[in-house]
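The values are calculated or read from the model by the stated rules, or taken from the named source; none is laboratory data. Remember, it's a predicted structure, so these values are computed and weren't measured experimentally. Cβ placement follows ideal geometry from the backbone for every residue including glycine, while neighbour counts extend to all protein chains displayed.
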Amino acid sequence: MWMFGVPVRVGEDRHVLVVGGKRGGENGAALGFLVSPNAVGRNLEAWRFVEQARVGWLMSLIAYDVDGDGDDDIVYSDRKPYEGAPPNSSGVYWLEHPDGGVEALGKRWRRHRIGANGREVMFIDVCDVDGDGGPDVLAAVKPREIHWYEPAGDVGGAWILRERIDLANREFAIGDAKAVRAADLDGDGACEIVFTCEHANPPARGVGYVDRVNGRWTMHDIGGPEGIKFDRIEAVDIDGDGDLDVMTTEERHVASAERENLGLGVVWYENPREPN
């Protein structure tokens, strides 16, 4: 079962769709490339699949230039190990785009470990959270944690867990961690960290954010008690007023006893910040 896909350009004239799946049985599922035969690639039957890794339950798949060499690498999270997988194989990894343009499609991309190995890691975000010019990775980790990883030195070497943000026993009850996204919600130039949850049975909340206040992470509600199972997050200025709003999906909200599991669908939460 395919779970996720993201387009990547390799070389000057080739398009690649990076895809990953979910399969808990022996040998798991594949993560790899669907490669177009030429620059146009309109005949989908002519595309070929090139495997790069085995996964158990792929969650996020992100194209990002991790090593800063001008081409897209692939960052992904694997939620659960497949049957027969090496110990602690779940976690967050990145695949390094090799040199060689289109010829890179015939090579095995080197896999680097980022973290959360052996944990049930959900959706992730890749960005420069602290503004130091280097890549950071945020991961939503079961049951109620956000992990913030950064390179210890060279990005191709070890990564360290800079912060483990525990979302349990805080300002209000939430569900289980599902997704995370860094976004400057208040326009001060520093990122807040938005999160969503599943199993957010009322009165638990399913959408919120954390920011650092006087050296301590403080949690804030965004969505109220409506919604039970939320998913990945987009931070985008939907209403065009100059600040970032929060968009997500929800599939388990019960509107009434007569209409079970109706779900909220695709929803967005308007940032209440007053424009400058």
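For the stretch 106-172, which fully contained strands (runs of 3 or more DSSP E) count at least 2 residues that are surrounded by 19 or more Cβ atoms within 10 Å (Cβ to Cβ) and of a type in the set (A, V, I, L, M, F, W, C)? Full working, then the answer.
Details: elements: 110-115, 121-127, 136-141, 145-151, 159-166.
Because the criterion is at least 2 residues that are surrounded by 19 or more Cβ atoms within 10 Å (Cβ to Cβ) and of a type in the set (A, V, I, L, M, F, W, C), the strands (runs of 3 or more DSSP E) in the stretch 106-172 that meet it are 121-127, 136-141, 145-151, 159-166.
Reported count of residues in the stretch 246-255, each being buried (at least 21 other Cβ atoms within 10 Å of the Cβ) and charged (D, E, K, R), is 1. Scan the stretch 31-90 for residues that are surrounded by 13 or more Cβ atoms within 10 Å (Cβ to Cβ), polar (S, T, N, Q) and in a loop (DSSP other than H, G, I, E, B) and report the count. The total comes to 3.
Of all residues in the stretch 17-30, which are part of a loop (DSSP other than H, G, I, E, B) and surrounded by fewer than 20 Cβ atoms within 10 Å (Cβ to Cβ)? Arg23, Gly24, Gly25, Asn27, listed by residue number.
For the stretch 115-128, give me the residue count where each residue is out of contact with any Leu (no Cβ under 7 Å at 6 or more places or on another chain) and in contact (Cβ under 8 Å) with a residue 60 or more places away in the chain.
Filtering the stretch 115-128 for residues out of contact with any Leu (no Cβ under 7 Å at 6 or more places or on another chain) gives 116-123, 126-128.
Narrowing further to those that are in contact (Cβ under 8 Å) with a residue 60 or more places away in the chain: 121-123, 126-127.
Here the count works out to 5.
In the stretch 197-216, the residue that is nearest to Leu264 (Cα to Cα) out of those that are modelled with pLDDT under 95 and outside any loop (DSSP other than H, G, I, E, B) is Arg212. Any residue in the stretch 105-125 that is of a type in the set (A, V, I, L, M) and modelled with pLDDT under 95? Yes: one or more hits.
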